[in-house]
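*Asks:* Structure in structure tokens, see below.
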2 protein chains.
Amino acid sequence: MRIGILGSGLMGGKLGTIFARAGHEVVFSYSRSHEKLEELARSSQGKARAGTPRQAAQEADALLLAVHWSRMDDVLGKAGDLSGKVILSCSLPMNTGDTELVVAHTSSGAEELSRKVPKARVVSAFNTVPSEVLFDVFEARHKKARPSLMYCGDDEDGKGTAAGLIRDAGFEPVDAGPLRIARYAEPFALLVAQLAYEGTGGPELAYRFERMGK
Amino acid sequence: MRIGILGSGLMGGKLGTIFARAGHEVVFSYSRSHEKLEELARSSQGKARAGTPRQAAQEADALLLAVHWSRMDDVLGKAGDLSGKVILSCSLPMNTGDTELVVAHTSSGAEELSRKVPKARVVSAFNTVPSEVLFDVFEARHKKARPSLMYCGDDEDGKGTAAGLIRDAGFEPVDAGPLRIARYAEPFALLVAQLAYEGTGGPELAYRFERMGK
């Protein structure tokens, strides 16, 4: 698959690297420096290159949207027409201080994004684990018990693409239903962040949903 | 320990039974019928009896508050003075149709409860798993990998009591910090409910936080 990364920071940089190592063709875009994008492409050791948001979006089978919420309109403007595109969004709708959600309860970041690009196929994914755990999970992908990663969305094709990429990254995809479930998933992401960054034991935290008595 | 159950429905009935089987002294209270309370006490096969909310609260080392949000003021009024009491609350602040949170984002059910009984030691616990999984987890408590159960609160003594009871019930307690984290935990509970009741595989769902690379 061709995967465009919109926002090559902690999440986007690592996930793009993982997608490239899993055999996908990746375009890294939207970082403060073009050099960083080129370094990411080089060090990914896969089929990856640096580009503009528009280049990342062109011909992409899936886009990973991993920008700070405050940069959302800017990156969407630069990416161009996203009609029909599958967008996996891991952007949480945080305030500029990253202390709380600016959209919650009666809506969610994922739903707001979907309203901004109504012809795109938005899936909320990869936002419920800290970036610090991603490489550990990818490296452990051949072990039996994988961590879960929940995703939600209203477009079945988009969700299928998301599930495949979640599996490529070493997680077990967990379909949580329609996009409005992001209203629960985004606060859950903050709970995971609290445990990862304020708890004891370090930020390499993942989670697993388990059915008991089976 | 003496444990008073305020609200002996699906959660309270099962958790009271589990606490009694774990060796605690339990008083079941606040059900539509006194007969149901007596049946719960009998079938728990432990040191359990039926009582009024006031009897459940008297001399209790810990109270489990497991009523529907709409009954909160009523049960608190009937329980009497709760100063100094450790209250484990698993009540989510749901509307009467159980479709959404009536308190969220800028506050939480646990924080509202704490304002109602400011001299009690409120801990939010046992609200992030469905009642259907409780007996399965309790029966599997001697296995190595226990499911997690997160809790949060502002009173260290209360949290210590909560952690012990969580362990008695077969879960691994996960301290998520202060009571305001219930703002994330309560939507997380709805996410778990969505997966349990709308997902495939049945409602016997638990979760486990895992630190990777250790």
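*Asks:* Among the numbered conditions (1) part of a strand (DSSP E or B); (2) at pLDDT below 95, tell me where residue A:150 comes up short.
*Replies:* For residue A:150, the failing item is (2).
*Asks:* For the range B:193-206, which residues satisfy the criterion of being surrounded by fewer than 24 Cβ atoms within 10 Å (Cβ to Cβ) and in contact (Cβ under 8 Å) with a residue 60 or more places away in the chain?
*Replies:* B:193, B:196, B:197, B:202, B:203, B:204, B:205
*Asks:* It is to be established whether one or more residues within the range A:174-191 are more than 8 Å from chain B (Cβ to nearest Cβ), more than 17 Å from residue A:110 (Cα to Cα) and assigned to a helix (DSSP H, G or I).
*Replies:* No, the range A:174-191 has no match at all.
*Asks:* Scanning for something within 7 Å of another protein chain (Cβ to nearest Cβ), surrounded by 24 or more Cβ atoms within 10 Å (Cβ to Cβ) and not in a strand (DSSP E or B), does the range B:129-142 turn up at least one residue?
*Replies:* Yes, the conditions are met somewhere in the range B:129-142.
*Asks:* Test residue A:59 against the criterion of being outside any strand (DSSP E or B), over 18 Å from the mean Cα position of the chain (by Cα) and modelled with pLDDT under 95, and give yes or no.
*Replies:* When the stated conditions are applied, residue A:59 passes them.
*Asks:* What tally of residues in the range A:108-128 results from selecting those that are of a type in the set (Gly, Ala, Ser) and either free of Cβ contacts under 8 Å to residues at least 60 places away in the same chain or farther than 14 Å from residue A:154 by Cβ (or both)?
*Replies:* Number satisfying all stated conditions: 3.
*Asks:* Could you list, in sequence order, all residues of the range B:5-56 that are surrounded by fewer than 20 Cβ atoms within 10 Å (Cβ to Cβ) and in a strand (DSSP E or B)?
*Replies:* Matches in the range B:5-56: B:25, B:47, B:49.
*Asks:* Another question, then. With the structure loaded, tell me whether residue A:79 is more than 15 Å from the chain's Cα centre (by Cα), buried (at least 23 other Cβ atoms within 10 Å of the Cβ) and either over 27 Å from residue A:138 (Cα atoms) or of a type in the set (A, V, I, L, M) (or both) or whether it fails that test.
*Replies:* So residue A:79 passes the test.
*Asks:* Right, something else. How about the range B:129-177: which of its residues are among the aliphatic types (A, V, I, L, M), touching a residue at least 60 places away in the same chain (Cβ under 8 Å) and under 23 Å from residue A:190 (Cα atoms)?
*Replies:* Within the range B:129-177, B:129, B:162 qualify.
The values are calculated or read from the model by the stated rules, or taken from the named source; none is laboratory data. The model shown is predicted, which means the values in this text are computed figures rather than measured ones. Backbone-built Cβ (ideal geometry, glycine too); neighbour counts: all protein chains shown.
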